[in-house]
Structures are given as C-alpha cells and as structure tokens.
Amino acid sequence: MSKAHARICLAGEDLDWAGGKSVLCGIELETTVKIYNMDFPGIFIKSDCSLEQKKLSKKEFNEYKYEGNYYDYVVAGLKTFDKKYKHINSINISITSNIPMQSGLSSSAAVLVALFKELNCYYKTNLNTKELCDLCKFVEVKELGCNVGSMDFYACESNGIIVYDGNRDEISLVNYNFDNDTYIVLIDSGIKSSTKEINSEKLKRFNEKEEYFDKYIEYCNALIRTLILELNKKKNEELIGERITQAHNLMDKYLKNSTELINEIVKLCLKNEAIGAKLTGCGLGGFVFCLIKKINLDKLIQALQVRGLRYLITKPIYGKDEQNEL
C-alpha cells in the first residue's frame, strides 16, 4: 500500500513552470493506492472517488481514449509505466482518497504519486524520487495536456514545509514547524477548479509576456525570498501569516485568478482571527486555506456556518510516514 498526501501552497503558484521558487506544506489528507494480484488477464480499477469501476482488457487498455474524468489520471499513469518499464497485464488496483477533487489541494498529483510509488514497489523498479516525479509530470503534460510544473508531485510526497525551485527542479526542506495549537482550515468556494483550462490561459499570458503576469513573477519571487528567510529564522507565525495573505493578494491583482467570493472568504477568515488566508491551487475556484489558533477556531467555524460554507479542518504533516519509500 502506498500513500501520498494533499498540499497547500503558502506562496508561489505557477512559479514552478514560469520561473522561480514555491513554498508548500503537506497536510493530513491523503490518497492510498493498493495493487492486488490477479489470476486472470485484465486491468481492474476501483476508487471511492467514483461510482464506476473500470474493467479493461489489454486491448481496451492499449486503445483507451481519455474521457475527461478521474480515471484518466490512473489509466494514463498505467500506460506510461507500461511503456517505459513493465508489461502491465493482470492487476487489480484499489484507490481510496479523502482529498476533494478539483480543489487546488493537488488531488490529481496525489493519485499519480501514490500510483507510481505502488507500481514501483509492486514491480521492484527501484525508481528514485526524481524519476517518479518526472513520470507524474510526463502524464499530466504529455498524456493529458495540462500545463504544470513539478512542485505538487514533490509536495505530495514530502513532509513539512518545502521549497521547490522550478529553475533547478529540486526541493529543499524548511526547518520550520507551525505551533501545535495552529490548525489549517480549508474552505470550499463551491466552484471546481480546472487546472487544464485555467493554466492553458496562464501559459498564453506568460508566452505573450503580459505585463501583469510578469509583475506577478517578479513580485512573488521577491515575497518568497523574504518568506524563506523568515521561515529559516523561525519568525513568529503572525508574520508568516501576513506573507501568506500577501501572496494571495498578488494572485488576485496580477494573476487575476481569484474571484469576488474567494476574496470574501479570505476577508472572512482574517476578520475571525485567522493568522493568514489564501487561495490555493490554479484558481478561479477550489479551496481557500487559513491558519488559525485553536482558541479562535470555534469563532471562525461559526462564521463559516452562518455563510453556509463547507470546510475541512486539518494539520500539517511532519516527520516520517509509515508508507512505501520513493
């Protein structure tokens, strides 16, 4: 059994492919993939994220046309692994996940990371972290046509806070833990966020060297340099929270991927004692996250309930998980 967790982006969405660093933190929502042996040919895939169970013959598997749904990621991952490393013929795959889909919390990255980790273990291919993350990126970019960088794949495997350098394609760990009484509240905007659609428009703006997009890259990189210094110097959480909110404001003003509702949610969180709040993911929907102390948690929850907003409460992941190693 292999696992990968969700993540929030503290600052630096899109800099993993546009040029720069991103700061991310794993959280306690996860996807689990388990492969079972089968005595007869065929590929069986079952997930609690879908009412449908996929049953594919080898011929159907080879000729599979992507349908624009959850199973595209799984089949694309299997096809990529099959071509590069092993002849996949008879396997039964079970997937469970409590990561909301199209939420900005990296549900697609998590299923790919967990899938490739489990395939790596099952077939004993001895692939390292970079090789597996490169496979994940290949699936999203080449097989499914999404414009993404690699930060989410590393973040879904790493514990704690990491910095992903898109220019060097490498990560570094930040020796900073949030206080034990600090919680992460995830608030659903009620609108699904499509990475493929939204990032294709961002890529167009990037290639055209649009002024606002270039300013986002410049200002966000400057903010992240400051944030990394403050994290390494163990600055107080209130200051870190301010940087997170500033990162949201840059996304709103220059990336233009926030919405009136998302901005209202951010303001609602801050009004109810959140340390910092921000959209996470590609934007125009998905989830907002905020950091908040336990003593103020009930106040925020009441405010969210009054507004009829759905939410999840979680914590950062620190330390070593009991799961297959990359």
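The values are calculated or read from the model by the stated rules, or taken from the named source; none is laboratory data. What you see is a predicted model; the values in this text were computed from it and never measured. Here Cβ is always computed from backbone atoms with ideal geometry, including for glycine, and neighbour counts include all displayed protein chains.
The table for this structure:
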| item | result |
| --- | --- |
| Residue ID - surrounded by the fewest Cβ atoms within 10 Å (Cβ to Cβ), chosen from residues in region 1-43 that are basic (Lys, Arg) and over 11 Å from the mean Cα position of the chain (by Cα) | LYS34 |
| Strands (runs of 3 or more DSSP E) lying entirely in region 103-192 (those with 3 or more residues that are modelled with pLDDT of 95 or more) | 161-165, 182-188 |
| Answer from ILE295, ILE313 - the residue that is surrounded by fewer than 20 Cβ atoms within 10 Å (Cβ to Cβ), at pLDDT 95 or above and in a strand (DSSP E or B) | ILE313 |
| Residues of region 7-58 classified as part of a loop (DSSP other than H, G, I, E, B) and among the small types (Gly, Ala, Ser), total | 5 |
| Residues located in region 55-76, provided they are surrounded by 17 or more Cβ atoms within 10 Å (Cβ to Cβ) and at pLDDT 85 or above | LEU56, PHE61, TYR64, TYR71, ASP72, TYR73, VAL74, VAL75, ALA76 |
| Odd one out for ALA109, checked against (1) surrounded by fewer than 20 Cβ atoms within 10 Å (Cβ to Cβ); (2) closer than 23 Å to LEU29 by Cα; (3) hydrophobic (A, V, I, L, M, F, W, C) | (1) |
| Test result for GLU170, under 16 Å from the mean Cα position of the chain (by Cα) and not polar (S, T, N, Q) | no |
| Candidate set from region 49-66 (those that are more than 25 Å from the chain's Cα centre (by Cα) and of a type in the set (S, T, N, Q)); member that is farthest from SER94 (Cα to Cα) | ASN62 |
| Checking VAL148 against (1) of a type outside the set (S, T, N, Q); (2) in contact with a strand residue (DSSP E or B) (Cβ under 8 Å, 6 or more places away or on another chain); (3) more than 29 Å from ASN296 (Cβ to Cβ), the condition it does not meet | (2) |
| Residue within region 77-95 that is at pLDDT 95 or above and either touching a Pro at 6+ places or on another chain (Cβ under 8 Å) or in a loop (DSSP other than H, G, I, E, B) (or both) present | no |
| Number of the exception - ILE198 against (1) assigned to a helix (DSSP H, G or I); (2) β-branched (Val, Ile, Thr); (3) under 30 Å from GLU273 (Cβ atoms) | (3) |
| Residue match in region 119-135 (condition: under 19 Å from the mean Cα position of the chain (by Cα), of a type in the set (A, V, I, L, M) and not assigned by TED's automatic domain parsing to the domain that holds GLY285) | yes |
| Check on THR245, in a helix (DSSP H, G or I), surrounded by fewer than 16 Cβ atoms within 10 Å (Cβ to Cβ) and not aliphatic (A, V, I, L, M) | no |
